[in-house]
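Everything on this sheet refers to the single structure shown next.
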Amino acid sequence: MSKEKGDIAEKKAVSFLKNLHYEIIETNFFAKKLGEVDIIASKDGIYHFIEVKSANDYETATNNLTSSKLSKIKRSVNYYIQTNDIKSPYCIDAIIVVD
């Protein structure tokens, strides 16, 4: 997938979350040597660390959520929580965009 398609999918995901009254805290949080979190949002006192995957079909997009990718996301989330002294509950979510 091209960077342009990825950016479009992330914008769609942000719009989707805003329509559901999530507060978007940050997009494309990058932790050097650890990984990236596409969207960090908050709703009802819970932090949501969101990975956005896009493909021509649902199965392809979900198959791109590999154990390696999930491991990088978890390390990035832990880094963000520690460096920002987050005490709130949190979860890791995925948004699948089929184009």
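The values are calculated or read from the model by the stated rules, or taken from the named source; none is laboratory data. What you see is a predicted model; the values in this text were computed from it and never measured. When we count neighbours, we look across all protein chains shown, and the Cβ atoms used for this are built from the backbone with ideal geometry, even at glycine. Note: accessible area is taken over every heavy atom of the protein model, side chains too, but ligands, DNA and RNA are not part of it. Shrake-Rupley method; radii C 1.70, N 1.55, O 1.52, S 1.80 Å.
Of these, Lys11, Lys3, which one is surrounded by 12 or more Cβ atoms within 10 Å (Cβ to Cβ), free of Cβ contacts under 8 Å to residues at least 12 places away in the same chain and out of contact with any Pro (no Cβ under 6 Å at 6 or more places or on another chain)?
Lys11
Here Ile81 passes the criteria (1) open to solvent by less than 50 Å² (accessible area, probe 1.4 Å); (2) in a helix (DSSP H, G or I); (3) closer than 12 Å to Ile95 by Cβ except the one numbered (3). For Phe30, the conditions (1) surrounded by 13 or more Cβ atoms within 10 Å (Cβ to Cβ); (2) of a type in the set (Phe, Trp, Tyr); (3) modelled with pLDDT under 95 are fulfilled apart from (1). Within the stretch 1-53, how many residues are closer than 14 Å to Ile96 by Cα, among the charged types (D, E, K, R) and in a helix (DSSP H, G or I)? Selection size over the stretch 1-53: 5.
Out of curiosity, is Thr60 open to solvent by 30 Å² or more (accessible area, probe 1.4 Å), without any contact (Cβ under 8 Å) to a residue 60 or more places away in the chain and under 20 Å from Ile8 (Cβ atoms)? For Thr60, the condition - open to solvent by 30 Å² or more (accessible area, probe 1.4 Å), without any contact (Cβ under 8 Å) to a residue 60 or more places away in the chain and under 20 Å from Ile8 (Cβ atoms) - is met.
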